[in-house]
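Scroll down for the structure; my scribbles are underneath it.
Just so you know, all these numbers are worked out from the coordinates, no wet-lab data involved. Note that the structure is a prediction, hence the values are computed from the model and not measured. Positions of Cβ are generated from backbone atoms using ideal geometry, with glycine treated the same way; all protein chains shown enter the neighbour counts.
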Amino acid sequence: MNKLISAAFVMLFALTTATMAQEKPFFISATVGYNSYLSVNATGGNSSYYSGASVASPSWSDKKLMVGFEGGVYISKNLRVLLGGGYGHNETPGKAEYVGSEEANIPFYGETPDKKSTNATAFVGADYCFNTQHVVPFVGLRGRGAYGNSELKYNNAESMGKSLAETWTYGGAIVFGADYIFQGGLIIGCQFDLCSYTYGAVKYKPQPGLATNKSYCHDFGAIAAPMIRIGFNF
């Protein structure tokens, strides 16, 4: 994997020509940073006890590295706006149980529930760029949000219907970083959060008719969430 990334970088560098970033107002980049996606799992609806709702940690230090994408435009020589995000949806059809026989040594197969899940993340931001010939330091603002849900349904009377779970976060950050603009518009840069705040929440409803189990959290960060970008102005 490292050799593949190195080879791609060399190829991109070799394709550069002789045009400055300010002459190419649009940009798109691949990013390597912390994973801001959220996931949650709905619980079965036939239990007599449910533990307290636990919010997925929004802290960057609890996430894994992930490749993402962002794009934007320079609206002036010193100001640019950008956005990014992603979306995923998964469905698993259910399957009825298979009744075996102990006498005939035929195993029992339990029911497979119907499952659905959705994950989405998005951010929007603006940077003030201190332009030099090649190095572009910047300070900016980011607004971020993420959402995840899960639906679980067993097709039997004991499960008492559909089980639902949802989780979300939203917040913002002041970021600082710098990009190096090669001739031809190749961008290599990095950034980190000078300070950030994220609000997170989760709610579970194990079955229709039950009260929703909710929980909330607050996350503060400083000098955190480093990110690397490689892209192009065009």
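Could you give me the ³J(HN,Hα) list for the stretch 82-89, computed from phi with Karplus coefficients 6.51, -1.76, 1.60 and θ = phi - 60°, whole Hz, x at Gly and Pro?
Rounded to whole hertz, the list is 8, 8, x, x, x, 8, x, 9.
Rank the residues Thr92, Thr198 as a footprinting-exposure proxy: fewest other Cβ atoms within 10 Å of their Cβ go first. Don't jump to the answer; show the numbers that get you there.
Working: Thr92 12, Thr198 22.
Fewest to most other Cβ atoms nearby, the residues stand as Thr92, Thr198.
Whole-Hz Karplus ³J(HN,Hα) for the stretch 117-132, in order, using 6.51 cos²θ - 1.76 cosθ + 1.60 and θ = phi - 60°, x for Gly and Pro?
8, 9, 9, 8, 8, 7, 8, 9, x, 9, 10, 9, 9, 9, 6, 10
Along the charge dipole of the chain, Cβ charges K/R +1 and D/E -1, which of Leu210, Tyr109, Ser29 sits furthest on the positive end?
About the Cα centre, the residue reaching furthest to the positive side is Ser29.
Measure nothing fancy, just the Cα-based angle from helix 2-14's long axis to the longest principal axis of the chain, in degrees from 0 to 90, nearest 10.
30 degrees
Using per-residue counts of other Cβ atoms within 10 Å, averaged over each peptide, order 186-193, 106-113 from highest down.
Numbers: 186-193: 19.5, 106-113: 12.5.
Those peptides, ordered most packed to least, come out 186-193, 106-113.
For every other residue with a beta carbon closer than 13 angstrom to the beta carbon of Phe130, add +1 if it is Lys or Arg and -1 if Asp or Glu, then tell me the sum. Intermediate values should be presented prior to the final figure.
Numbers: positive: Lys77, Arg80; negative: Asp127, Asp179.
Overall, the nearby charge balance is 0.
Here are some pairs, Lys162/Lys203; Lys63/Lys116; Lys24/Lys64; Lys153/Lys203; Lys162/Lys214; Lys64/Lys153; which of them have Cα atoms lying more than 26 Å apart in this structure?
Pairs exceeding the cut-off: Lys24/Lys64; Lys64/Lys153.
Magnitude of the Cβ-charge dipole of the chain, K/R +1 and D/E -1, about the Cα centre, nearest 20 debye?
So the dipole magnitude of the chain works out to roughly 640 debye.
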